[in-house]
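The structure under discussion appears below in the form of structure tokens.
The values are calculated or read from the model by the stated rules, or taken from the named source; none is laboratory data. Just so we're clear, the structure is a prediction, and the values are computed from it rather than from any experiment. Reconstructed Cβ throughout: ideal geometry from the backbone, glycine too, with neighbour counts over all protein chains shown.
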């Protein structure tokens, strides 16, 4: 078993590499947080409940020797709705197209049936190198971490494949995040950069804005509405009659829920919750776009949208 805990030096005059890596794992295994830590800016939505990521968000890591494009997929899970089935299809399609797969396993949770389910799927993908990434190492002691590393090594052997690397990291504590990039880069194909210097993601701005609003909307209602919220940005227009040095962007967005009874939960007493969602997401959107924003939010009911193919299409799934 090769567990990596120190930086690998890049030889002088090395070739340039560029390619795609994706992080997979059970919902809430730390994939989005790791993407954000590697890119150095917030490009993937993170929240403390499963199934927050619905779009394949690419984060782009620029280095002198390489460009690493990170594809952040939804967590693979046993689906209960049409939305769930579509999310799983997205994951499998992504696995077939990337150069490296990073399997995220939290250090603070013993390997469970969900991890085995994913590892078994990974075992069937023969050619793509697979790195086991032990996340959230800041939450455990050395003994627990060692036991987890051994269990993960064993899991690969049981399923008949060898991990290219096993890397413990803490995205929150910024431990070994740079090392992880160092280990992924040699597994990428040689080639020029695929995206312009300075790009951090290829997500359309409207999708990223919708995700920031959804993250803020989920904040206080995790237990009640974990998967019932979708956000669509209807329009983004620069406010007319504003001087060039004082621009204002008007953003109109709808927060969709599945049932009328959920409307009160999102809006809150006297509109307090929706106002908080607006304030929090507006700050994040202004940081993302670098311009002042007027955010107009409305809540709409889209009955049982997770199970309705027509509504799923309309909401971007």
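Which of the residues that make up segment 86-118 are assigned to a helix (DSSP H, G or I) and under 21 Å from residue 33 (Cβ atoms)?
87, 90, 91, 94, 95, 114, 115, 118
Given the structure, is residue 222 at pLDDT 80 or above, surrounded by fewer than 17 Cβ atoms within 10 Å (Cβ to Cβ) and in a loop (DSSP other than H, G, I, E, B)?
For residue 222, the condition - at pLDDT 80 or above, surrounded by fewer than 17 Cβ atoms within 10 Å (Cβ to Cβ) and in a loop (DSSP other than H, G, I, E, B) - is not met.
Only residues in segment 80-107 that are without any contact (Cβ under 8 Å) to a residue 60 or more places away in the chain count as the first member; pair them with residues that are surrounded by fewer than 18 Cβ atoms within 10 Å (Cβ to Cβ) and assigned to a helix (DSSP H, G or I), Cβ under 9 angstrom, at least 6 apart or cross-chain, and list the lot.
So the pair list comes out as 92/121.
Name the residues in segment 41-70 that are surrounded by fewer than 20 Cβ atoms within 10 Å (Cβ to Cβ) and modelled with pLDDT of 75 or more, would you?
61, 62, 63, 64, 65
What number of residues within segment 120-154 are part of a helix (DSSP H, G or I) and closer than 26 Å to residue 178 by Cβ?
16
So, in segment 247-286, how many residues would count as being out of contact with any strand residue (DSSP E or B) (no Cβ under 7 Å at 6 or more places or on another chain), free of Cβ contacts under 8 Å to residues at least 24 places away in the same chain and under 30 Å from residue 40 (Cα atoms)?
Residues that pass the stated criteria total 3.
Looking at segment 71-112 only, could you name the residues that are over 13 Å from residue 31 (Cβ atoms) and either at pLDDT 90 or above or not assigned by TED's automatic domain parsing to the domain that holds residue 161 (or both)?
99, 100, 107, 108, 109, 110, 111, 112
Suppose the filter is more than 16 Å from the chain's Cα centre (by Cα) and not in a helix (DSSP H, G or I); does residue 166 pass it?
Yes, satisfied.
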